[in-house]
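The values are calculated or read from the model by the stated rules, or taken from the named source; none is laboratory data. Source: prediction; values computed, not measured. Here Cβ is always computed from backbone atoms with ideal geometry, including for glycine, and neighbour counts include all displayed protein chains.
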Amino acid sequence: MEALHLADENGLSKSQIVNIEAFAQLVVRRGDPEIGFQLLAATETARIEFGLLAPPVHRAAIDEAVAQAHHVTPEHVAAAAWAAGEAMSLDAAVEYLLTR
């Protein structure tokens, strides 16, 4: 969490994205796929906005987390969570994690 907080204070968007993706993967593994979908959608939207591609190893981990979340989540719930994440700014995702 400290890395995420420091990145937020210093405006390091790429670092924030990577940290949020890591937390999202943990959240999915710990059994909260809806939050994972939201956070991963927020970071995916930010990556597109900033023109940042995920390195192949990170992309594989992200895709694995999404697949794992899909495995345990009804499609309509997954779609709603993803849409909510797409609407979430990177700052909102950081704030969400900092207050959890």
key: Count of the stretch 47-60 residues which are exposed (fewer than 15 other Cβ atoms within 10 Å of the Cβ) and either part of a helix (DSSP H, G or I) or of a type in the set (Gly, Ala, Ser) (or both)   = 8
query = On the given criteria, is Phe50 at pLDDT 95 or above and of a type in the set (Phe, Trp, Tyr)?
reply = no
request  = Check the stretch 59-74 and report whether any residue there is of a type in the set (Gly, Ala, Ser) and more than 23 Å from Ser15 (Cα to Cα).
outcome  = yes
inquiry  = Can you confirm whether Glu21 is in a helix (DSSP H, G or I), buried (at least 19 other Cβ atoms within 10 Å of the Cβ) and of a type in the set (Asp, Glu)?
reply    = yes
message = Suppose we filter Leu98, Leu26 for residues that are loosely packed, with under 14 Cβ neighbours inside 10 Å, without any contact (Cβ under 8 Å) to a residue 40 or more places away in the chain, part of a helix (DSSP H, G or I) and not basic (Lys, Arg); which single one remains?
response = Leu26
Tabulated pairs, the stretch 37-61, first free of Cβ contacts under 8 Å to residues at least 60 places away in the same chain, second acidic (Asp, Glu), C-beta under 7 angstrom, 6+ apart or interchain = Leu40/Glu21; Ala41/Glu86; Thr43/Glu21; Thr45/Glu86; His58/Glu21
task = Check His71 against each of (1) in a helix (DSSP H, G or I); (2) out of contact with any Ser or Thr (no Cβ under 8 Å at 6 or more places or on another chain); (3) surrounded by 13 or more Cβ atoms within 10 Å (Cβ to Cβ) and name the one condition it does not meet.
result = (3)
query = Which is in contact with a Ser or Thr (Cβ under 9 Å, 6 or more places away or on another chain), assigned to a helix (DSSP H, G or I) and either basic (Lys, Arg) or at pLDDT 95 or above (or both), of Ala81, Ala65, Ala93?
reply = Ala81
